[in-house]
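Undergrad: Quick one: the structure is below, questions incoming.
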Amino acid sequence: MELNNVKETEVLVVGAGPTGLTLACDLARRAVRTLVVEQSDTLFPGSRGKGIQPRTMEVLNDLGVLDAVLAAGGTAPVGMVWENGVRQGEHDMFERPGPTETEPYSEPWLLPQWRTQQILHQRLTELGGSVAFGTALTGITQDADAVTAELSNGTVRAAYAVAADGGRSSVRPALGIAMTGDSVDPALMLVADVRIPALDRLNWHIFPGGGSTGYLAVCPLPGTDDFQVVGQFGQGEPDISPEGVRELIAARTHLAANDVTEVLWASDFRPRAALADRFREGRVFLAGDAAHVHSPAGGQGLNTSVQDAYNLGWKLGQVLRHGAPASLLDTYEEERLPVAAQMLGLSTRIHRGQEQRGAATMQLGLGYRGGPLSFGSAGALQAGDRAPDGPLPGTRRLFDLFRGPHFTLLAVGTDAELPLLEGELVHVHRIDAYEPYGKGLFLVKPDGYVGWAGEDATGLSDYLARVTS
């Protein structure tokens, strides 16, 4: 995209990672004019965030990319522990409870981050959006009416801006927002994408190490010929050159250096957990790693980030397109900061071996009970709960009703009288009694959570006034 003719936009998104692309897709389907700028010339090339949790699968379903994600990825293989070149036995790192009517996705789906971003970028293009690559943010200011962003090739004014530019965000310090946290582990880590034809792809290969030698894990990446290598360094710094990666694999496994036929990408990092003191400064919001940095253990970083974008997107859409009060945007931080703090704690405990990967990592149990947009209860649900999936007559499912940028009012097992509602914004469906819901009225927000619930429509109109014109 050429920026020379772009003078104004409604939302400026800084960063074209999973967070920025998710947000851009959501805004595009709401017809919100959005400019995404990315300082790199291309999408991120590595596998880094490779695990997509079940709750994020539901988000991707709503955004219309789940079929592509399912076609490109696969389930996580069972771990195989090695010692002295001998297989010691399998060890499954994940609970696999199996899908249910209410939770159709029940285990992590492996997909390298670069492929996830390709899929989201393609979806953005289908929706009429684009990314301005090779465009760096050099300065940002704001006034009562708009944000002014100085870019490497021009100046843009936007009603709102979102920093989705990662843990080393340039926007966050420019806003004066501090990030509080600690090192999760003093040991440096290496992550790389490699090709090893001599190694089978049936297992997630684990080499525990010992003494001053850290562990090494080699995971096949579904849909590719690649493996992701993650290595811990008890002392010293990783050599991320192709030769260094080959030598590391040869030193810690039964493989020879020349068994590694290609080193596609490599990076190093120090695991840390950090949380921004706030997620908003005026008209500028933080999302994803710009707001919270996780240890990779448990696969929470990318997933929490995508859901930040999903939470913020519908609120920006309501304010910019449907006349909702600007105060609705205050609820982004109120809802997402506590969730991010919770997930940071989980990632840290898993990294330190204090908790196992389990139901909490799937993020299906997260919700906003007691939050600023959660009012009432009915049947089996309270406002703030995730709206369960379920079958409908024929081949349709509840998630099919929710898909799209609208609210959904479900009248479940009740003939309660309903107020006259705006058809484009609120879709109304009456269904038979369904045990996971019980009986009652349930207003499902565009993010898939119950915002309002009641036995009758008392209070529903007042609630809708908070989130619409």
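Undergrad: In the range 239-292, what residues are part of a loop (DSSP other than H, G, I, E, B) and open to solvent by 60 Å² or more (accessible area, probe 1.4 Å)?
TA: 239, 240, 254, 261, 270, 277, 278 - these are the residues of the range 239-292 that are part of a loop (DSSP other than H, G, I, E, B) and open to solvent by 60 Å² or more (accessible area, probe 1.4 Å).
Undergrad: Within the range 130-157, which residues are open to solvent by 20 Å² or more (accessible area, probe 1.4 Å), closer than 25 Å to residue 314 by Cβ and not in a strand (DSSP E or B)?
TA: Residues satisfying the conditions are 130, 144, 145.
Undergrad: Does residue 399 fit the bill of being at pLDDT 95 or above, of a type outside the set (Asp, Glu) and surrounded by 19 or more Cβ atoms within 10 Å (Cβ to Cβ)?
TA: Details: at pLDDT 95 or above: yes; of a type outside the set (Asp, Glu): yes; surrounded by 19 or more Cβ atoms within 10 Å (Cβ to Cβ): no.
No: the conditions fail for residue 399.
To keep it simple, each residue is scored yes or no on (1) open to solvent by less than 10 Å² (accessible area, probe 1.4 Å); (2) within 30 Å of residue 164 (Cα to Cα); (3) without any contact (Cβ under 8 Å) to a residue 60 or more places away in the chain.
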residue	(1), (2), (3)
41	no, yes, no
54	yes, yes, no
63	yes, yes, no
82	no, no, no
90	no, no, no
94	no, yes, no
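Undergrad: Pick from the range 223-236 the residues that are within 18 Å of residue 45 (Cβ to Cβ) and in contact with a helix residue (DSSP H, G or I) (Cβ under 8 Å, 6 or more places away or on another chain): which of them is surrounded by the most Cβ atoms within 10 Å (Cβ to Cβ)? Step through it out loud before you land on a result.
TA: Within the range 223-236, the subset within 18 Å of residue 45 (Cβ to Cβ) is 223-230.
In the following step, the residues that additionally are in contact with a helix residue (DSSP H, G or I) (Cβ under 8 Å, 6 or more places away or on another chain) were identified as 223-224, 229.
Working: 223: 15, 224: 19, 229: 25.
The qualifying residue surrounded by the most Cβ atoms within 10 Å (Cβ to Cβ) is 229.
Undergrad: Within the group 193, 165, which residue is at pLDDT 95 or above, in a loop (DSSP other than H, G, I, E, B) and either buried (at least 21 other Cβ atoms within 10 Å of the Cβ) or touching a Cys at 6+ places or on another chain (Cβ under 6 Å) (or both)?
TA: Residue meeting the stated conditions: 165.
Undergrad: Taking the stated definitions as given, is residue 70 at pLDDT 95 or above, surrounded by fewer than 21 Cβ atoms within 10 Å (Cβ to Cβ) and out of contact with any Cys (no Cβ under 8 Å at 6 or more places or on another chain)? Outline the logic, then answer.
TA: Working: at pLDDT 95 or above: yes; surrounded by fewer than 21 Cβ atoms within 10 Å (Cβ to Cβ): yes; out of contact with any Cys (no Cβ under 8 Å at 6 or more places or on another chain): yes.
So residue 70 fits the description; yes.
Undergrad: Say we look at the range 231-251 and pick out the residues that are touching a Leu at 6+ places or on another chain (Cβ under 7 Å) and at pLDDT below 95; which of these is nearest to residue 51 (Cα to Cα)?
TA: Result: 231.
Undergrad: Taking the options 413, 423, 394, 390, name whichever one is open to solvent by 10 Å² or more (accessible area, probe 1.4 Å) and touching a residue at least 24 places away in the same chain (Cβ under 8 Å).
TA: Answer to the selection: 413.
Undergrad: Name the single residue that is farthest from residue 106 (Cα to Cα) among those in the range 327-382 being open to solvent by 60 Å² or more (accessible area, probe 1.4 Å), of a type in the set (Gly, Ala, Ser) and under 22 Å from the mean Cα position of the chain (by Cα).
TA: This residue is 365.
Undergrad: Still on this model: Which residues, counting only those in the range 96-115, are open to solvent by less than 10 Å² (accessible area, probe 1.4 Å) and either among the hydroxyl-bearing types (Ser, Thr, Tyr) or in a loop (DSSP other than H, G, I, E, B) (or both)?
TA: Listed by number, the residues that qualify are 108, 111, 112.
Undergrad: When you go through (1) over 18 Å from residue 278 (Cβ atoms); (2) without any contact (Cβ under 8 Å) to a residue 40 or more places away in the chain one by one for residue 375, which number turns out not to apply?
TA: Answer for residue 375: the failing condition is (2).
Undergrad: Got a sec? Which of 215, 160 is touching a residue at least 12 places away in the same chain (Cβ under 8 Å) and open to solvent by less than 40 Å² (accessible area, probe 1.4 Å)?
TA: Among 215, 160, only 160 is touching a residue at least 12 places away in the same chain (Cβ under 8 Å) and open to solvent by less than 40 Å² (accessible area, probe 1.4 Å).
Undergrad: Also: Can you pull out every residue in the range 426-447 that is in contact (Cβ under 8 Å) with a residue 60 or more places away in the chain and surrounded by fewer than 22 Cβ atoms within 10 Å (Cβ to Cβ)?
TA: Those that are in contact (Cβ under 8 Å) with a residue 60 or more places away in the chain and surrounded by fewer than 22 Cβ atoms within 10 Å (Cβ to Cβ): 436, 438, 439.
Undergrad: Just give me the residues in the range 147-161 being farther than 15 Å from residue 132 by Cα and among the β-branched types (Val, Ile, Thr), in sequence order.
TA: Residues satisfying the conditions are 147, 148.
Undergrad: For the range 75-85, name all the residues that are outside any loop (DSSP other than H, G, I, E, B) and not polar (S, T, N, Q).
TA: 79, 80, 81, 82, 83
The values are calculated or read from the model by the stated rules, or taken from the named source; none is laboratory data. Source: prediction; values computed, not measured. Heads up, the Cβs are rebuilt from the backbone with ideal geometry, glycines too, and the neighbour counts pull from every protein chain shown. Please note that ligands, DNA and RNA were not included when accessible areas were found on the heavy atoms of the full protein model with its side chains. Shrake-Rupley method; radii C 1.70, N 1.55, O 1.52, S 1.80 Å.
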